[in-house]
Structures are given as C-alpha cells and as structure tokens.
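What follows is a single structure, and I will ask about it in a moment.
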Amino acid sequence: MSDSGIQSRFRSNSKSRYRESSVDSLFSERSGEFIVSEETPSHDEIVETSAASEVPVASRKPPPVPGLWVFPSLLPDHVSRDIITALGDADIFSGGARDQVMLFEAPKHLSANSNLPAYIHELIDRIRVLLLPQLPAEIMALLFDQSLARQVILNLYPPGEGITPHVDLPNRYADGIIGCSLIGGCVMTLQEVNGDRRPDECERYDVYLPPRTVYVLSGEARWDWTHGIQGREFDIVQGEDGAGERTLLRDLRVSATFRWMKDGADILS
C-alpha cells in the first residue's frame, strides 16, 4: 500500500492542534472491547502553529534521561505497514471520525485468553524480539512480564496535532511504558518535574522521533519527567550527520502505547 493510500484509510476530521492527555472520562464509557475518547478540547486548549523562529531545534540523539530508551525507526517498514493495514481493515478509527481507541487485556492469572486483536499481539511480539538485545533483563521483565492488566492505546494524530505535556497517571499506571510510532514522525519534548524549581529552570530536551520509532519510559523517565508533543505543522531537526538543520513537515501519525494498569485502576474514584 502506498503512503497516500495508508493516509486515506485514516483521514481525520479533527481540527484541534492540542489533545489533552489522561482524561478521566476515557475510563467511563465502554464500547465492546475498547473505550472511545470523544473529548473536544476547549478554545483555551487549542495551540496555534508556532512560527519557525519559535521552534526549538530537536536532536536526533536520545537525551540523557535515566530510564529513557529511544530506538529510531526500529520497527521494520513491512511490519508497520501490516499493522496499519490491519487497523484500516478493522476500521478502528471509523474512517477518522474518532482519534483514539483503548484496548484492554486482563491479567494472565485471571484469564488465560486474551481479547486483544491478533495484530496487536503481532506488534507486541515483534517489539519484544526487537528490544530483547537492546535492554537489560529487568527492564524487559518490567515491559512484558508484569501480572497486571494491560492497556493498549491507539492514537490518530492529523498533521499539526499534539498532546499536552504530562506524566501518565501515577495512581493508575505502573512502571514500564512502551510507545511506538507506526507511521509519521514528530518531536517529543521531555521536561524534568522538580517542585523546588520553576519550570523554566528545569531540564528540557526536544528529541525527534522518526516514523517507526519505539521508545521506553521507565524509572525516573516514567515518574519524574513529562513528555508531550507541541501542536505545529513542522519540526526543525538536526541534520542526519549532526550538522545543520532541516525543516520537516509533519504527516499523519498513528501511534500505539502499551501500559500496565495498577490493581483497581479501572474503577473511577
């Protein structure tokens, strides 16, 4: 399938440049095996496209944040295309009418049978194989072998849309988060959370995630740093050889995030 054909499968009607993260209502409306987010950001949450002079130059190298691993373009192209084709065949985003779908898998000790689609299992298994030679055994266990319920979030980002900087809810999600850009690249911003300093005094990094990148948040990177994507239609990135800069237009992006849910995390307080 051509790149234009892939994009047409998920054409979105969304006009927002800024998506709120970790909305409580995502857990309040069940539809079959997944939960649908139809939250519409308020006017104050809309982010206008930044002028080029205001856009930071993003690094192609992973920043020195403990517990963060970034593997650019790790997922093979044919695997990404197979998963995207499966998502399109399942019409998971209803032709672009919705931009987020949440899937759940019960803990293995409660149910030996998974209700996750076969293509999600294929993606998880492929990421496990790819990460195995890259990560310490304890991190692999954190990512793939916890006795908790698993949540899979599929997000559709039209060009120019971002997500607010956030730390995934500590009271709902355990340590060990995997993110995967199936198609589309973007710049992710990470900023240290430190109550003793003003935000502008905390460390910040902008890192470019090309299509098919897999990243891991664990330990300090998971608990003590926010991550987000600024809403804009282009990014300014270091040259591939480290010299100069390139302006990259954003394209349609589809991502998958894998998180472990703490006991009782699906119960609203």
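Output the residues belonging to segment 161-189 that are surrounded by 21 or more Cβ atoms within 10 Å (Cβ to Cβ), of a type in the set (Gly, Ala, Ser) and within 12 Å of Leu217 (Cα to Cα).
Result: Gly176, single match.
Does Val254 satisfy the criteria of being under 30 Å from Glu105 (Cα atoms) and touching a residue at least 24 places away in the same chain (Cβ under 8 Å)?
So Val254 fits the description; yes.
In segment 139-185, what residues are among the β-branched types (Val, Ile, Thr) and either at pLDDT 95 or above or touching a Pro at 6+ places or on another chain (Cβ under 7 Å) (or both)?
Once the filter is applied, which keeps residues that are among the β-branched types (Val, Ile, Thr) and either at pLDDT 95 or above or touching a Pro at 6+ places or on another chain (Cβ under 7 Å) (or both), segment 139-185 yields Ile139, Val152, Ile153, Val167, Ile177, Ile178, Ile183.
Just one of Glu240, Glu203 is open to solvent by 50 Å² or more (accessible area, probe 1.4 Å), more than 30 Å from Arg128 (Cβ to Cβ), acidic (Asp, Glu) and over 15 Å from the mean Cα position of the chain (by Cα); which is it?
Glu203
Also: Whether any residue in segment 223-230 is crowded, with 17+ Cβ neighbours inside 10 Å, touching a strand residue (DSSP E or B) at 6+ places or on another chain (Cβ under 8 Å), on the phi > 0 side of the Ramachandran plot and not in a strand (DSSP E or B) is what I want to check.
No, segment 223-230 contains no residue that is crowded, with 17+ Cβ neighbours inside 10 Å, touching a strand residue (DSSP E or B) at 6+ places or on another chain (Cβ under 8 Å), on the phi > 0 side of the Ramachandran plot and not in a strand (DSSP E or B).
Can you tell me which condition Arg212 does not meet? The list is (1) outside any loop (DSSP other than H, G, I, E, B); (2) touching a residue at least 12 places away in the same chain (Cβ under 8 Å), and all the others hold.
Among (1) outside any loop (DSSP other than H, G, I, E, B); (2) touching a residue at least 12 places away in the same chain (Cβ under 8 Å), the lone unmet condition for Arg212 is (1).
The values are calculated or read from the model by the stated rules, or taken from the named source; none is laboratory data. Treat the numbers as computed from the prediction; the structure is a model and nothing was measured. Counting neighbours? That spans all protein chains shown, and the Cβs are built from the backbone with ideal geometry, glycine included. SASA here: full protein model, heavy atoms, side chains in, ligands and nucleic acids out. Shrake-Rupley method; radii C 1.70, N 1.55, O 1.52, S 1.80 Å.
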